[in-house]
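One structure below.
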Amino acid sequence: MLTPAAAPLPYLVFDFDSTFTQVEGLDELADIALAGQPNQAEVVAQIRALTDRGMSGEIGLQDSLRQRLALLGAHRRHLAPLVARLQGKVSASIERNGDFFRQFADRIYVVSSGFREFIEPVVAAFGIAPEHVLANTFTFDAAGHITGCDAGNVLSQDGGKIRQLVLLDLAGPVYVLGDGYTDYQIREAGLADKFFAYTENVARPRVVAQADEVLPTFDEFLYQLKLPMTLSYPKNRIKVLLLENPDARAAELFRQEGYQVEEVKGGLDEDELMARIEGVSLLGIRSKTQVTARVLAAANRLIGIGAFCIGTNQIDLPEAMRRGVAVFNAPFSNTRSVVELTLGEIIVLSRRIPEKNPKMHRGAWDKSAGGAFEIRGKKLGIVGYGNIGSQLSVVAEAVGMQVLYFDRAEKLQLGNATKCRTLNELLEQADIVTLHIDGRPENENFVGEAEFARMKPGALFINNARGHVVSVPALAAALRSGHLGGAAVDVFPHEPKTNAEAFESELRGLPNVLLTPHIGGSTAEAQRNIAEFVPERLMQYINTGNTQQSVNFPNIELPAQAAHRLIHVHANVPGVLADINNVLAAHHVNILGQYLKTNEAIGYVITDIDKEYNQEVIQALRDVEHTIKFRVLY
């Protein structure tokens, strides 16, 4: 555990509104006091506008305060619900580091133009004594209505914080943390050694421009000063790079957690990604971006990769594993969407819609039943009986189809599906063949000229799996010859990186061929599910070390963390666990729990230890032979 520096901690002067709490106290009081009144929204908006103008320095504090109090219409009875609301609105990183405030309460002052009546009970939970709260006080009439503030209090006046610091006369360095221009003025007057613009809740450009340092969170302040903190590393320093435009919910979740997020709408080629990957801790991609060994070698801070899709063949998984980079995907999130697309394609192809629809748009009326059939009673051959294939099996049976399936792995059939022992057995019987296999290299050209020749004349073929698992020239030839009655293809060996690039394929212009731009999982529901599932897995890994559902790391589901947690990734060779425990024993560190899992290449050890230990043990663990990655979670 980090220990306080030998030199005394500087005096810390905190603003309250939008710094210690996420909100402005008077704004919240107005919201409570005016509840149910027809002009509530209008008056609250006026008060908030006055707050912003006062905090950014556009108008004087005294003028801002006077105008807000005149609009307020509040009563003493509104203060208790206000305090309760503010207690639930303490800034997240301050709440997280409550122990720091309690440990150093004698060096902390809250100096605010807000009001003692609601500030004091909120900060008391953090060990800050009433005499360390310097704020305004309300005045009331005989009926308990708030009439204004104590005009004799220096904090009710312009320049009040400056005068208050003069009166405090603190002996030693003073650091001011706040979001308002009046906080900067303390530094400007020479009464503080540093001004930190606190932007966790609100960032005012004029205030930020004057700051010595900008603090996205209080964790960052503690990290810079090497002070005790709850987190092992400020989340605002963790960079996330999201490519290929995943649903906006993904970036939203990462930002809510406090991470830096950069978004790139399209995919990047190898050289482009190598140029952008330096300093990135978490990378999010879809199917177009290739994460190669060269990219991983350039990724100096990469901890995890999230594939916002099912497949992971675009990632060099063994190399990621060797470099201690955990990879997560979304194996179930878009299953239903792909199943529904496939069922729709089966019906559309069976009715020859891809031919008839463009004719209608050209004004041609081609009403005929030639080549069109119902799908009821037809044999559907599903190649790959995983999450998608098995669910498609159930849906297809529900509309009256007979289901055959083939999978190299032993899979239990659902409903009345019939297992085929070989691929050829399935191809020779099926009226419609649909692929749902993964994109591993050995599956390249899994279906080619020989496989198409095995299929029944007039059969339909669907590929919603991966582009390279089908020989496109062989498919085009089978369609031109009339051997196949039609095809639907959603995935291609070479796909445009962005919507601005042209799509080229031998399949363009062929009759009864339905081409879609890799939209199997492109539904609002699927993209939302993926955008929540993948970030959750990555953040669990960052926050707790949990590797459950990683595709390249040993899977460990960990209990809740009650101590400091050491995360150690190493080459899977004998003796490393013993070396780790020897280091801990030599430094007299008590182990509270330990979890180990290995695969063919790496070992993953999680050790929970007592919070008190010498920092030399951390370097000793980093120096253990065969270490790939090491980090500490507080």
Item to check | Beta bridge orientation in the chain: antiparallel %, DSSP, nearest 5 | outcome: 30
Item to check | Nearest-20 debye value, region 497-634 charge dipole, Cβ charges on Lys, Arg, Asp, Glu | outcome: 140
Checklist entry - Residue farthest toward the positive end of the dipole of the chain, with Cβ of Lys/Arg at +1 and Asp/Glu at -1: which of Gln62, Ala151, Gly304? => result Gly304
Next on the checklist: Under 5 Å between amide hydrogens, which residues at least 5 positions from Ile462 or on another chain qualify, with H placed 1.01 Å from N in the peptide plane?
Outcome noted: Val433, Thr434, Leu435, Ala488
Item to check | Net charge contributed by nearby residues that have their C-beta within less than 12 Å of Gly386 (K/R +1, D/E -1) | outcome: 0
Next on the checklist: Which of Lys411, Lys194 has the fewest other C-beta atoms within 10 Å, and how do the rest follow up to the most?
Outcome noted: Lys194, Lys411
Item to check | In degrees, nearest ten, helix 335-350 long axis to first principal axis of the chain (Cα) | outcome: 30
Checklist entry - Can you work out the FRET efficiency for the pair Leu71 and Arg255, with r the C-beta to C-beta distance and R0 = 35 Å, to the nearest 0.05? => result 0.60
Next on the checklist: For the pairs Lys378/Lys456; Lys235/Lys497; Lys239/Lys265; Lys597/Lys629; Lys239/Lys629; Lys194/Lys226, flag any whose C-alpha to C-alpha distance is greater than 20 Å.
Outcome noted: Lys235/Lys497
Checklist entry - If you add up the charges near Pro216, with Lys and Arg at +1 and Asp and Glu at -1, over every other residue whose beta carbon is less than 13 angstrom from its beta carbon, what do you get? => result -2
Checklist outcome for this item: For region 410-514, the Cα gyration tensor yields equivalent-ellipsoid semi-axes (√(5λ), largest first, whole Å) of 24, 18, 12
Item to check | Normalised per residue, the volume of the convex hull around the Cα set of the chain (Å³) | outcome: 212
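Every number in this text was worked out from the coordinates using simple rules, so none of it is lab data. Predicted, not measured: the structure shown is a model, and the values here were computed from it. Neighbour counts are summed over all protein chains in view; Cβ atoms, including those assigned to glycine, are modelled from backbone coordinates with ideal geometry.
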